[in-house]
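Report on the structure given below.
The values are calculated or read from the model by the stated rules, or taken from the named source; none is laboratory data. Quick caveat, the model's predicted, so the values are computed rather than measured. Positions of Cβ are generated from backbone atoms using ideal geometry, with glycine treated the same way; all protein chains shown enter the neighbour counts. Ligands, DNA and RNA are excluded from the accessible area calculation, which covers all protein heavy atoms including side chains. Shrake-Rupley method; radii C 1.70, N 1.55, O 1.52, S 1.80 Å.
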Amino acid sequence: MMSMKGIPIGEARRRLPELIRRVAGGQGTVAIGRGGRPEVMLVPAGTPAQRVARRPLKGLVEIVGSEDDFVYGQQELRGAIEASLKRTAGLIARASKPHRAKPRRS
């Protein structure tokens, strides 16, 4: 069975005929991605979408605190995201302004 770790896009491009034969022959699915993170899956035709869909992780996180703590955390996170988006928008706006060359003194 193929590893679910994933293979880089360039390698998948070079090995595509082999990968297709393996997957079509029932030797598993192939994850293809960048930076060690899968972005797409090569699966046999006719595979139900439910079988290859990512499922949420369960049992790995325990939320400790009251509901108010959770709501406060959400608000804090939303505020940080909003501030980041405003900074990014400002940088983009400054970068898109045409730059006027100052006249040279002779």
Practice task
Collect the residues in the stretch 6-28 that are small (Gly, Ala, Ser), exposed (fewer than 13 other Cβ atoms within 10 Å of the Cβ) and farther than 9 Å from Pro44 by Cα, keeping them in residue-number order.
Solution key: Gly10
Problem - Pairs, first over 10 Å from Gly6 (Cβ atoms) in the stretch 21-41, second outside any helix (DSSP H, G or I) and open to solvent by 60 Å² or more (accessible area, probe 1.4 Å), C-beta under 7 Å, six or more apart - result: Gln27/Met1; Gly28/Met1; Thr29/Met41
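Results for (1) at pLDDT 85 or above; (2) of a type in the set (Gly, Ala, Ser), shown as yes or no for each residue.
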{"position": "Met1", "(1), (2)": "no, no"}
{"position": "Met4", "(1), (2)": "no, no"}
{"position": "Gly10", "(1), (2)": "yes, yes"}
{"position": "Arg15", "(1), (2)": "yes, no"}
{"position": "Glu18", "(1), (2)": "yes, no"}
{"position": "Ile32", "(1), (2)": "yes, no"}
{"position": "Gly35", "(1), (2)": "no, yes"}
{"position": "Ser66", "(1), (2)": "no, yes"}
{"position": "Glu82", "(1), (2)": "yes, no"}
Exercise for the section: With the checklist (1) loosely packed, with under 10 Cβ neighbours inside 10 Å; (2) modelled with pLDDT of 85 or more in hand, flag the one item Gly73 doesn't pass. Expected result: (1)
